[in-house]
Amino acid sequence: MILAIDIGNTNIVVGCIDEKKTIFIERLSTIKNKMEIEYALDIKGIFEIHGVEVRELEGAIISSVVPQITGLVKDACEKIINKKAMVVGPGIKTGLNIMIDNPGQLGSDLVADAVAGVAEYKAPMIIFDLGTATTASVINEKGTYIGGFIIPGMHTSLNALTANASQLQGISLDAPNRLIGKNTIECMKSGMIYGTAASLDGIIERVEEELGQPLTAIVTGGLAEKVLPFCKKELIWDDDLLLKGLRIIYNKNKEHKM
């Protein structure tokens, strides 16, 4: 069993995963001014809640799109488990063939998603990850990462909307009661949920047209469960996808631990 952590702009996903299943998955808020010991206490507390003993852990791996705190979280992990933690980045083998202008620009979270997608599902495929941004990764029939999309995430869009329109108030992203809103709050909820669902459906349709073949569509990320019921296209929900990818990457590199 390993500790797998993904540091995102809004949340830090913390999970333990073995070769067969995910033991647990939790999310912490990403707070850039936290100290190393605070992150260590957070991780230790999660272990205690789920009854995981540190001695059961073989190692740890981290993906991050927030370089300011990557080192802090890495040091916190190592303080808790007393083992070196891998960080996905230069020098780490992934087995993923990436054909974009600058492969080094591809976020390590998207790399992990794609690695797991290729291992578990039929290509060609598109992988949506719904978090601070809504990202889409396109993988062709040969299992090669060929590009994708980045769209403002639902919370990001909602925050921008309320910040720039004085008559609009903050809302929760609960499912709307109906498609056509009858008041401001209903209209905002419907716009966020149905608008995102329609965006996913439309992207799938257009990518299938461009590639000339049907896609396997996978959705993951913290907000995926809210949108999935309102999509018309068939999407596979895999909340553990990123952790599975980190486990695969860990296995490819464990003989050369950093």
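The selection criterion, being open to solvent by less than 60 Å² (accessible area, probe 1.4 Å), over 24 Å from residue 207 (Cα atoms), modelled with pLDDT under 95 and under 18 Å from the mean Cα position of the chain (by Cα), holds for residue 89. In summary, residue 110 fulfils each of the numbered conditions (1) surrounded by fewer than 21 Cβ atoms within 10 Å (Cβ to Cβ); (2) in contact with a Ser or Thr (Cβ under 6 Å, 6 or more places away or on another chain); (3) under 17 Å from residue 218 (Cβ atoms); (4) of a type in the set (A, V, I, L, M, F, W, C) with the single exception of condition (1). Considering the stretch 36-80, and only residues there that are over 22 Å from the mean Cα position of the chain (by Cα) and β-branched (Val, Ile, Thr), the residue that is most open to solvent (accessible area, probe 1.4 Å) turns out to be 49.
Here the condition is being surrounded by 13 or more Cβ atoms within 10 Å (Cβ to Cβ) and out of contact with any strand residue (DSSP E or B) (no Cβ under 7 Å at 6 or more places or on another chain); of 252, 233, it holds for 252 alone.
Taking residue 5 as the residue in question, decide whether it is at pLDDT 95 or above and of a type outside the set (Phe, Trp, Tyr). Yes. Against the list (1) farther than 21 Å from residue 229 by Cβ; (2) crowded, with 20+ Cβ neighbours inside 10 Å, the condition residue 134 fails is (1). Does residue 146 fit the bill of being out of contact with any helix residue (DSSP H, G or I) (no Cβ under 6 Å at 6 or more places or on another chain) and either aromatic (Phe, Trp, Tyr) or at pLDDT 95 or above (or both)? Yes, satisfied.
Being in contact with a Lys or Arg (Cβ under 8 Å, 6 or more places away or on another chain), open to solvent by 20 Å² or more (accessible area, probe 1.4 Å), in contact (Cβ under 8 Å) with a residue 60 or more places away in the chain and not in a loop (DSSP other than H, G, I, E, B) is a description that does not apply to residue 123. Among the residues of the stretch 157-173, those that are over 20 Å from residue 201 (Cα atoms) and either of a type in the set (A, V, I, L, M, F, W, C) or at pLDDT 80 or above (or both) comprise 158, 159, 160, 161, 163, 165, 168, 171. Of the residues making up the stretch 19-35, those that are modelled with pLDDT of 90 or more and either closer than 13 Å to residue 248 by Cα or open to solvent by less than 50 Å² (accessible area, probe 1.4 Å) (or both) are 21, 22, 24, 25, 28, 30, 34.
Residues that are polar (S, T, N, Q) and open to solvent by less than 60 Å² (accessible area, probe 1.4 Å) were ranked within the stretch 184-211; the one that is nearest to residue 137 (Cα to Cα) is 199.
Residues in the stretch 210-257 that are closer than 24 Å to residue 7 by Cβ and of a type in the set (A, V, I, L, M, F, W, C): 218, 219, 223, 224, 227, 237, 241, 242, 243, 246, 248, 249.
Remark: pairs (first residue in the stretch 207-235, farther than 20 Å from residue 117 by Cα; second residue open to solvent by 20 Å² or more (accessible area, probe 1.4 Å) and small (Gly, Ala, Ser); Cβ separation under 8 Å; 6+ apart in sequence or on different chains) = 226/175; 229/175; 230/175. Residue 239 meets each of the listed conditions (1) within 19 Å of residue 143 (Cα to Cα); (2) touching a Ser or Thr at 6+ places or on another chain (Cβ under 9 Å) apart from (1).
Comparison of 157, 172 shows that the only residue that is out of contact with any strand residue (DSSP E or B) (no Cβ under 7 Å at 6 or more places or on another chain) and surrounded by 15 or more Cβ atoms within 10 Å (Cβ to Cβ) is 157.
The values are calculated or read from the model by the stated rules, or taken from the named source; none is laboratory data. Computed from a predicted structure; not experimentally measured. For neighbour counting, all protein chains shown are included, and Cβ atoms are generated from backbone atoms with ideal geometry for every residue, glycine included. We work out accessible area using only protein heavy atoms, side chains counted, and drop any ligands, DNA or RNA first. Shrake-Rupley method; radii C 1.70, N 1.55, O 1.52, S 1.80 Å.
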